[in-house]
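Structure record follows, encoded as structure tokens.
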Amino acid sequence: MIFIPVMASASDIASSVTGGVDNRLANGGYFELGASVYGVNKVDIRQTDYQAVQPSLLISGMYQYKGLFVEMVHQSQDGINLGFNFWNSDNWSLDFLAANLKSTWARPEDVDPSTLNEAGRNAYLLSEESLYVGAGFRATRYWDGNYVFQYRIVSDYLNDQGIQSTARLGKSWQVRNWNFHALGSIEYSSSTLNRNLFGIGSDEATELFPEYHPGSSFSYGLEVGVAYPISESFVFRAMYRVNVLPDEVTESPFNQADYVSFFNASISYVF
């Protein structure tokens, strides 16, 4: 039987639940390079380059040394993480996240929307892609060899965009060389974060994008997937994820859907 590599005490739940929990206290890591294809529904009007199905390059990896870690895990919902694992027991792992990087929306900082006409404010509100850079903590609980629970909370310190926290419970099981997993999620977004991402101020509002002030919210998600080691170095993965969006998001003038539906399939070489 061929096992899919899995990492160390500090571990994004996407890695633990898709590969199983094996030798999580060891130093070291892995790197993957491959190709994937993904499909996603259009959720936001600001997705101007949207395509229903797209190919992409897969770059994924994790490394840990004496508690210091960096994670860039394929299929993760939590972006790139840099941090330090400061406590472990047989079943628990506690991490400090020094930098959690995720893509986000940000409006141009050098533009005063009150000086723009209607068309100019519409263009301004379409925003541009930016980074959410947060810091916080992560707690992970392992049991029975194939269950993982993880709670994380981070707050943006680059642009003060707000707080996000998630609680996820995952299970994996092996059927011959096939590794199946299921992952349920609850995500909290602060009112500051929702206003930055989906809100519209009085000085920004237009007929197309009226004034909108969302509060804090909870969203819910479910993911199922499978991984199969084609050889000792090549791995096939496929997954489907659906996230139900809260009213604070769906009622935004930017929103175009009640849920996010995401499918991904990939083949990668593991170093």
Problem set entry | Condition met for Tyr188 (more than 29 Å from Thr48 (Cβ to Cβ), in a strand (DSSP E or B), open to solvent by 50 Å² or more (accessible area, probe 1.4 Å) and touching a residue at least 12 places away in the same chain (Cβ under 8 Å)) | no
For this session: Please find, among Gly170, Gly134, the residue that is closer than 20 Å to Ala265 by Cα and either free of Cβ contacts under 8 Å to residues at least 60 places away in the same chain or touching a helix residue (DSSP H, G or I) at 6+ places or on another chain (Cβ under 6 Å) (or both).
Result: Gly170
For this session: Hey, can you tell me all the residues within region 237-248 that are surrounded by 16 or more Cβ atoms within 10 Å (Cβ to Cβ) and either in contact with an Asp or Glu (Cβ under 9 Å, 6 or more places away or on another chain) or part of a loop (DSSP other than H, G, I, E, B) (or both)?
Result: Met239, Arg241, Asn243, Leu245, Pro246
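Answer yes if at least one residue in region 253-271 is open to solvent by less than 60 Å² (accessible area, probe 1.4 Å), part of a strand (DSSP E or B) and closer than 29 Å to Ala119 by Cβ, and no otherwise.
The answer is yes, given that some residue of region 253-271 is open to solvent by less than 60 Å² (accessible area, probe 1.4 Å), part of a strand (DSSP E or B) and closer than 29 Å to Ala119 by Cβ.
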Seminar exercise, completed: Scanning region 64-86 residue by residue, the ones that are more than 26 Å from Arg241 (Cα to Cα) and surrounded by fewer than 20 Cβ atoms within 10 Å (Cβ to Cβ) total 6
Exercise. Is there a residue being in contact with a strand residue (DSSP E or B) (Cβ under 6 Å, 6 or more places away or on another chain), part of a strand (DSSP E or B), surrounded by 12 or more Cβ atoms within 10 Å (Cβ to Cβ) and free of Cβ contacts under 8 Å to residues at least 24 places away in the same chain anywhere in region 87-103?
Worked result: yes
Exercise. Hey, does region 213-236 have a residue that's crowded, with 18+ Cβ neighbours inside 10 Å, free of Cβ contacts under 8 Å to residues at least 60 places away in the same chain and part of a loop (DSSP other than H, G, I, E, B)?
Worked result: yes
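The values are calculated or read from the model by the stated rules, or taken from the named source; none is laboratory data. Just so it is clear, the structure is predicted and the values come from calculations on it, not from any experiment. Cβ: placed from backbone, ideal geometry, glycine included. Neighbour counts: every protein chain shown. For the accessible areas, the whole protein counts, side chains as well, though only heavy atoms, and no ligand, DNA or RNA atoms are used. Shrake-Rupley method; radii C 1.70, N 1.55, O 1.52, S 1.80 Å.
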